[in-house]
Amino acid sequence: MPAIAQVPIAPSSLERFRPVLGNDFSQVERAIATARRMLAGRVIWHVNSTARGGGVAEMLQSLLAYTRGAGVDARWVTIVGDARFFEITKRIHNHLHGAEGDGGEIGASERATYERALAASAEELVGMVDNKDIVYLHDPQTAGLTEALRSVVGHLVWRCHVGLDNPNEVARQAWAFLRPYIEQADAYVFSRRAFAWEGLDDGKAWIIPPSIDAFSAKNQELGPEAVKAILARAGLIEGDGGAGVFVRQNGSQGRVDRAAELDQEAPIPDDAPLVVQVSRWDGLKDPSGVLRCFADRCRHPGAHLLLAGPSVAEVADDPEGAGVLAEIRAQRAELSADLRRRVHLASLPMDDLEENAAIVNAIQRRADVVLQKSLAEGFGLTVAEAMWKARPVIASRIGGIQDQIQHGESGLLIDPRDLGATAAAIDGLLDDPARARALGAAARERVRGSFLGTRDLIQHMELIGTLLSGGNRSR
């Protein structure tokens, strides 16, 4: 069985951003010209653990498509691991968020298992890369590849998508586990300055916030009829389904054909105020707290709640997802008949990733309020995605979410553990549609100016240019 899987990437033209960015598009044109010149004959490799599910996979799909569209040879591969490997890396992931997770150890035994699981991927990857290439390794799952790669590639970058503003000893345990690998990289990228670890060489640290693709199936414009058709085909609302079409990354037409796996008494009524949270089935996203908040504290009459996430059977690197979903299902089953009628759980199909993205797009556009009540969050791309759709967003005052939302201007920030305040914020926006619309309009402009993929691409090209010129500076 191959230890490395290549992910196909179709190039996308950056020209589509010209009308969105206006005069600012000149920065993109300069970056394209520079990239073509300095990367001729080189390959940029991105290595992570999955091409399905989660913000990292989605971001890579778009970032690398536009990199290829700029005339640069960019490739994406995923590593293969067994259940024990992903159990350990999920534990490290939780620790990086300051959470105990399953309470297991990350000591010498776990290190031996981790390195043994990566050995085959390392051997195969070494045979694929060139000494002029640049390799990006993403998150804890790939950090252990640095030893094998450092002497066979031109430059090695480790990208950390998670972090903690105020690290505790649990987080520092994860740092200690990963540091021997990370220190061997030529640069490391964090999503915000507060996430950069103590004890690393600050001269090799770069701060690059994540971004969204405005033209992906998840974020492209969808009219009201398309939204209704997609939701009906997914089984979330009544209707004959209509066409349910969207535009794929390569410009061809796609159609939503698969229904979601639903826990609901009946479809969501057309006129019902709808509160939505879209995220992986992960305890750190706190779907249990969202459900408790809605059931026990929200007072808006007739409001419905939709918790949506990927099919747990299709997200290979998250072994805890099925258990979290089972807990939420049990929690919903204990609600009164009226509340249970107004709570909907949707596990979205992952057979076609762009179909999945189109369903998420329609769900967010149908929402009256989008919630992201995470207990820990590296960045939270679902926040920027909803903001781009001009939705009023209520989200936790943690991590990179704080970089996206300006409280009271482009959304609302809340203490995720304060269910009363969270419910009051939800009820307040449902009771004041004019304020909700104003927050949504400001949110879209906030994303246009700061969180589109073109900015992300320009910053990564600057990083690579610095490495190729022999520079070593913090950003």
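The values are calculated or read from the model by the stated rules, or taken from the named source; none is laboratory data. Every value quoted in this text rests on a predicted model; they were computed, and no experiment measured them. Cβ coordinates were reconstructed from backbone atoms using ideal geometry, including for glycine residues, and neighbour counts include every protein chain displayed. Surface accessibility is based on the protein's heavy atoms, side chains included, excluding ligands, DNA and RNA. Shrake-Rupley method; radii C 1.70, N 1.55, O 1.52, S 1.80 Å.
Counting the residues of the stretch 396-441 that are hydroxyl-bearing (Ser, Thr, Tyr) and farther than 20 Å from Leu291 by Cα gives 1.
The rows are residues; the columns are (1) open to solvent by less than 10 Å² (accessible area, probe 1.4 Å); (2) without any contact (Cβ under 8 Å) to a residue 12 or more places away in the chain.
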position	(1), (2)
Ile394	yes, no
Arg397	no, no
Ile401	yes, no
Asp415	no, no
Ala421	no, yes
Ile426	yes, no
Ala441	no, no
Glu445	no, no
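The residue list Ile88, Ile79 contains one member that is at pLDDT 90 or above, among the aliphatic types (A, V, I, L, M) and out of contact with any strand residue (DSSP E or B) (no Cβ under 7 Å at 6 or more places or on another chain), which is Ile88.
Counting only helices (runs of 4 or more DSSP H) that sit wholly inside the stretch 57-172, those with at least 1 residues that are without any contact (Cβ under 8 Å) to a residue 24 or more places away in the chain, within 27 Å of Glu320 (Cβ to Cβ) and aliphatic (A, V, I, L, M) are 108-126. Taking interchain pairs and intrachain pairs at least six residues apart, which have beta carbon atoms under 8 angstrom, with the first residue in the stretch 240-264 and hydrophobic (A, V, I, L, M, F, W, C) and the second open to solvent by 60 Å² or more (accessible area, probe 1.4 Å)? These pairs meet every condition: Ala243/Arg255; Val245/Gln253; Val245/Arg255; Phe246/Gln253; Phe246/Arg255; Val247/Gln253; Val256/Arg233; Ala259/Arg233. Against the conditions (1) in contact with a Lys or Arg (Cβ under 6 Å, 6 or more places away or on another chain); (2) surrounded by fewer than 22 Cβ atoms within 10 Å (Cβ to Cβ), Ala357 satisfies every one except (2).
Of the set (1) under 24 Å from Gly98 (Cβ atoms); (2) of a type in the set (A, V, I, L, M); (3) open to solvent by less than 20 Å² (accessible area, probe 1.4 Å), all apply to Ala308 but (1). The condition (being hydrophobic (A, V, I, L, M, F, W, C) and either touching a helix residue (DSSP H, G or I) at 6+ places or on another chain (Cβ under 8 Å) or surrounded by 18 or more Cβ atoms within 10 Å (Cβ to Cβ) (or both)) is satisfied by just one residue among Ala176, Ala119, Ala143: Ala143. Across the stretch 193-249, the number of residues qualifying as of a type in the set (Lys, Arg), outside any helix (DSSP H, G or I) and surrounded by fewer than 21 Cβ atoms within 10 Å (Cβ to Cβ) comes to 1. Could you check the stretch 291-340 and list, in sequence order, the residues that are free of Cβ contacts under 8 Å to residues at least 60 places away in the same chain and outside any helix (DSSP H, G or I)? Across the stretch 291-340, the qualifying residues are Pro301, Gly302, His304, Leu305, Leu307, Ala308, Gly309, Ser311, Glu334, Leu335, Ser336. For the stretch 34-52, how many residues are under 18 Å from Asn356 (Cβ atoms) and open to solvent by 20 Å² or more (accessible area, probe 1.4 Å)? Of the residues in the stretch 34-52, 2 are under 18 Å from Asn356 (Cβ atoms) and open to solvent by 20 Å² or more (accessible area, probe 1.4 Å).
Looking across the stretch 1-22, the residues that are in contact (Cβ under 8 Å) with a residue 24 or more places away in the chain and assigned to a helix (DSSP H, G or I) come down to Leu14, Arg16, Phe17, Val20, Leu21.
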